[in-house]
1. Could you give the length gained on full extension between Trp99 and Val87, defined as 0.36 nm per residue of separation minus the Cα-Cα distance, in nm?
2. Which Cα, out of His82, Thr161, Ile112, lies furthest along the positive dipole direction of region 40-178 (beta carbon charges, K/R +1, D/E -1)?
3. Before anything else, pin down the relative contact order of region 68-171: Cα pairs under 8 Å, at least 6 apart, normalised by residue count, whole percent.
Amino acid sequence: MKKLLGLLLLIVGLTLTIGVGANFRYYKADRSITVNITADDDELIDLTPLQDYAYLSNGKLLIQISPDNPNYPDGGGSGMSHNTTYVFEEMFEVSNELWENSKGNFPICVQISVPQGKGVKVFAGEYYNNGTASIADPGTQIQFTVEHGTPVKIGFIFDNTCEDLGGHQVNMDIQAWAGACKI
């Protein structure tokens, strides 16, 4: 009996030792996440076209200066001239419609990037003849703060110096995060 009791205590002791020293390995739970995917002009951070060169297609903002643009007017030109520089102010605007703004001001920092060496620069706000802008000076990457109820207008500079004739395409990257930009 003493041997059986001793063996039972040894098994209980080993079980406790192994159980206490084990690492947590697994947990399973089912949870739902619901996200509504919407067009660029109806999301929490709106991208709204302001000129006919900018438009929405399948919910995405596109900028197209060519006859392929659905807003292309009859008798309009075919594109931009060779060896010229064009400045387009107010192509689209970025606004802050986050729900958090109902409880107070909740600014966002927005960064817009275009590839270097492609003859395209982006700027925010009014463009000045000295090559600067009121909110973010022209560059291939800009940052600016968007307050609720105060949309920021975005413009572009297209430098076609030494560009070949024909179509050219670049991608624009837009990112946003909570809080004012740290400049």
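Taken together, the values in this text are just the output of simple stated rules run on the coordinates, not laboratory data. Values in this document were obtained by computation on a predicted structure and should not be read as measured data. Here the Cβ positions follow ideal geometry from the backbone for every residue, glycine too, while neighbour counts run over all protein chains shown.
1. Working: separation 12, 0.36 × 12 = 4.32 nm, distance 3.44 nm.
Net length gain for the segment: 0.9 nm.
2. The residue sitting farthest along the positive end of the dipole is Thr161.
3. 38 percent.
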